[in-house]
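Contents: one structure, followed by commentary.
The values are calculated or read from the model by the stated rules, or taken from the named source; none is laboratory data. Quick caveat: nothing in here was measured; it's all calculated off a predicted structure. Note that each Cβ is placed from the backbone with ideal geometry, even for glycine, and that neighbours are counted across all protein chains shown. Accessible surface areas use protein heavy atoms only, side chains included; no ligands, DNA or RNA. Shrake-Rupley method; radii C 1.70, N 1.55, O 1.52, S 1.80 Å.
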Amino acid sequence: MTTRMHIAFPGIVFSILMLILFLACSASESAAAPSQIVTGTILDVQTQPIAGADVKLITANSSDPVSEATSETNGRYTLSLPPSIPASLTLQIERPHFAGIEIELTAHQLDQLRANESLVLPDATLERTTDLGFWIACAIFVFVLVLIATRKLHRTLAALFGVTLLFGISYLGRFLRADLFIFDFAGALHYVDWNVIFLIMGMMILIAIIKGTGIFQWLAFRAYRLSHGRTWLLVIILMVVTSVASALLDNVTTMLLLTPITIQIAEALDINPLSLLMPELMASNVAGISTLIGTPTNVLIGSYAGLSFNDFLTNLTPGVILALVGLILYSLIAYRKDLKPLGHTATHAPDEFEHLAQITERAQLKKAGVVGVGMLLLFIFGESLHLVPAVTALMGATALLVWIRPDVDKMIASVDWSTLLFFIALFILVGSVQEVGLISILATQIAHLVGSNLILTMLMIIWSSALLSAVVANIPLTAAMLPVIGYLSSTVPGTQSHVLFYCLAVGAAFGGNGTLIGASANLVTAGAAEKIGYPITYTYFLKKGIPALMITLGLATLWLFVRFVLLP
């Protein structure tokens, strides 16, 4: 019996193997059988690809489609047909917020399919429609901007409120009217730039560790000691320190850390603290655009346009230095009276608060310095490795956490989740007006206005974004303008060097110096100063900021023309 089992077992295995081989050959023959393919591309009137369009092939005798597919991010669609080709076929393309079209296949195209040949159809162009969903999405977007500008709600709460309205109307309203649909949850997440989110999160963790070492307060106090009580020199040194810190970290964090010690220095010298704070703040807004990570607007622009750390550094730094020279001269003139002693009795002797400006964690600072240098090198040379900035930031933050071993819960809590939520909600809000076509309409109108004139286009982008940033916070403005700049960069001759994105970076950041609500760093500094007893009013900021805006933006505009027009 054992012998029979030994004989039968190989036979069973052989039979199973033969069955598997037969099935595999059948599948291979089936896969090799020719099948008819219909493919093509769907574009909008600006020749931009349209994703998510429903594409169907239908016959005159049946409501059921012969084949259907959805267009991909590049606008391409592919339809597979059965071996038997009907007598007539019509291509039907539909998508929310676009006018649907139908294209009847010609007799020649049908014969081509019957001959088992693939059929490549000409590009199909869909036109936008301004339906009810269009007006609702635009109204919600403007409403959120007003809430942010007037500070009726915290910016994160205002953005989340707008997103909630969008989803509520899209999901519930479509049962009343089909054109109330704006987008679904999956479609909304498509507009979120996760590279930006993770880059900011990684930098926040890194900054939280560096902040605890006391290095920023130490730098500010050393600047005071270096000036030997000469207030005009102190202004220059503090502006330079702030500029370097803002370029390597970010302007919001830099100002948050420097504001308390700057006020203490001013009180010790018996001068108006705003005469030091305002030049610092304006220098921070200007210098941040030197690098990819210096301002939130640069992070948005770099991710959208594919600009590297080196791109910002080489193309904008000379203009930033020129603008900073002008800003320093303006600050010394504008605050010449405020830099004189007030005649009060100083609350502190100059050296009494030196203990507040000590480096408290030297070991952590050395480790952070090593990791920081490594990250800087990856930011600079990572492009050749196709290493996106978000990965560099996460690698650096994780390496430092593993090396230092701090309280992880405390480090995670130090991340500004409110800001991250604001960015996610903002991406969705901007995506809603992009989805319904507002961005497309604006881009078309601007393109008609500027035509093919590169200089006129540059001037319009620089100054319009700067003036709008003074009214609307520059982060949502930049996010909304990016698709417009992307379209103009594909239509205006001479913009292959991404010059319009650099123009947007300059305008959005420098425009933040125009008003108190123009940049996040302004609001953070004003809040920190008010807590200590030195409020920065809207009128005061406007009076000091507008001249600074005009001077720095004029000098930066001059550099952009030299770099991209005279020396392209």
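Work out from phi, with θ = phi - 60° and the Karplus expression 6.51 cos²θ - 1.76 cosθ + 1.60, the ³J(HN,Hα) of each residue of the range 177-190, listed in order in whole Hz, and give x for Gly and Pro.
Karplus-based 3J(HN,Hα) across the range 177-190 equals 9, 5, 7, 7, 6, 9, 6, 9, 5, 4, x, 5, 5, 4 Hz.
Place a point 7 Å from Cα of Lys366 in the direction of its Cβ. Which residues in the range 194-226 have their backbone N less than 17 Å from it?
The answer is 210, 213-215.
Going down the list Lys211/Lys543; Lys211/Lys531; Lys152/Lys337; Lys152/Lys410, which pairs span over 24 Å between their C-alpha atoms?
As for pairs spanning more than 24 Å Cα to Cα, those are Lys211/Lys543; Lys152/Lys337; Lys152/Lys410.
Take peptides 247-254, 545-552, 152-159 and line them up by average Cβ neighbours within 10 Å, highest first, as a rough protection proxy.
Top of the packing list down: 247-254, 545-552, 152-159.
Using Cα atoms only, what is the angle between the long axis of helix 155-173 and the major principal axis of the chain, expressed in degrees (0 to 90) to the nearest 10?
It is inclined by approximately 20 degrees.
Can you work out the accessible area per residue across the range 468-554, with the rest of the protein chains kept in place, probe 1.4 Å, in square angstrom?
Here the per-residue accessible area is 31 Å².
Among rounded, prolate and oblate, which fits the range 485-562 when a ≥ b ≥ c are the square roots of the eigenvalues of its C-alpha gyration tensor, a/c under 1.5 means rounded, and a/b larger than b/c means prolate?
prolate
Please state the relative contact order of the chain as a whole percent: Cα pairs under 8 Å, 6+ residues apart?
15 percent
Starting from the Cα gyration tensor of the chain, take the square roots of the eigenvalues, sort them a ≥ b ≥ c, and report rounded, prolate or oblate (rounded when a/c is under 1.5, otherwise prolate if a/b is larger than b/c, else oblate).
prolate
In units of 2.2 N^0.38 Å, what is the alpha-carbon radius of gyration of the range 410-568?
Rounded to two decimals, the normalised Rg is 1.16.
Name the shape class, rounded, prolate or oblate, that the alpha-carbon gyration tensor gives for the range 115-223, where a ≥ b ≥ c are the square roots of its eigenvalues, rounded holds for a/c under 1.5, and otherwise prolate holds if a/b is larger than b/c and oblate otherwise.
oblate
Only loop residues by DSSP count here, and only those with at most 12 other Cβ atoms within 10 Å; note down the chymotrypsin sites (Phe, Trp or Tyr not before Pro) in the range 154-214 that meet that.
Loop-located and lightly packed - Phe175.
For the range 59-73, just list the computed ³J(HN,Hα) in residue order, Karplus coefficients 6.51, -1.76 and 1.60, θ = phi - 60°, integers in Hz, with x standing in for Gly and Pro.
10, 6, 9, 9, 7, 7, x, 6, 7, 8, 7, 10, 5, 8, 5
Out of residues 5 or more away from Gly214 or on other chains, whose amide H comes under 5 Å of its own, with H placed 1.01 Å from N in the peptide plane?
Hits under the 5 Å cutoff: Thr360.
Using a 1.4 Å probe, how large is the accessible area of Arg336, given in Å² and rounded to the nearest 10?
130 Å²
Which percent of the accessible area of the range 214-281 is formed by carbon and sulfur heavy atoms (probe 1.4 angstrom)?
So the carbon and sulfur contribution to the accessible surface is 69 percent.
Separation of the range 218-275 and the range 536-565 by C-alpha centroid, Å?
Measuring centre to centre over Cα atoms gives 21 Å.
Towards the positive end of the charge dipole of the chain, with charges on Cβ (+1 Lys, Arg; -1 Asp, Glu), say which of Phe181, Leu549, Pro483 has the farthest Cα.
Checking the options against the dipole of the chain, the answer is Leu549.
Would you mind checking which residues have amide H under 5 Å from Phe98's amide H? H placed 1.01 Å from N; only 5 or more apart, or other chain.
Under 5 Å from the amide H of Phe98 lie the amide H atoms of Thr129, each far enough along the sequence or on another chain.
Could you list which residues have their amide H under 5 Å from that of Leu89, counting only those 5 or more apart in sequence or on another chain, with H placed in the peptide plane?
Amide H to amide H, under 5 Å and 5 or more residues apart or across chains, Leu89 pairs with Leu105.
If R0 is 25 Å, what FRET efficiency do you get for Arg151 and Leu542 from their C-beta distance, rounded to 0.05?
According to the calculation, E is roughly 0.95.
Just to confirm the number: angle between the C-alpha axis of helix 454-469 and the first principal axis of the chain, 0 to 90 degrees, nearest 10?
70 degrees
Give me the distance between the Cα centres of the range 38-104 and the range 427-456, rounded to whole Å.
27 Å
With θ taken as phi - 60° and the coefficients 6.51, -1.76 and 1.60, list the Karplus ³J(HN,Hα) couplings across the range 447-452 in order, rounded to whole Hz; mark glycine and proline as x.
With the stated coefficients, the range 447-452 comes to 4, 5, 6, 8, x, 10 Hz.
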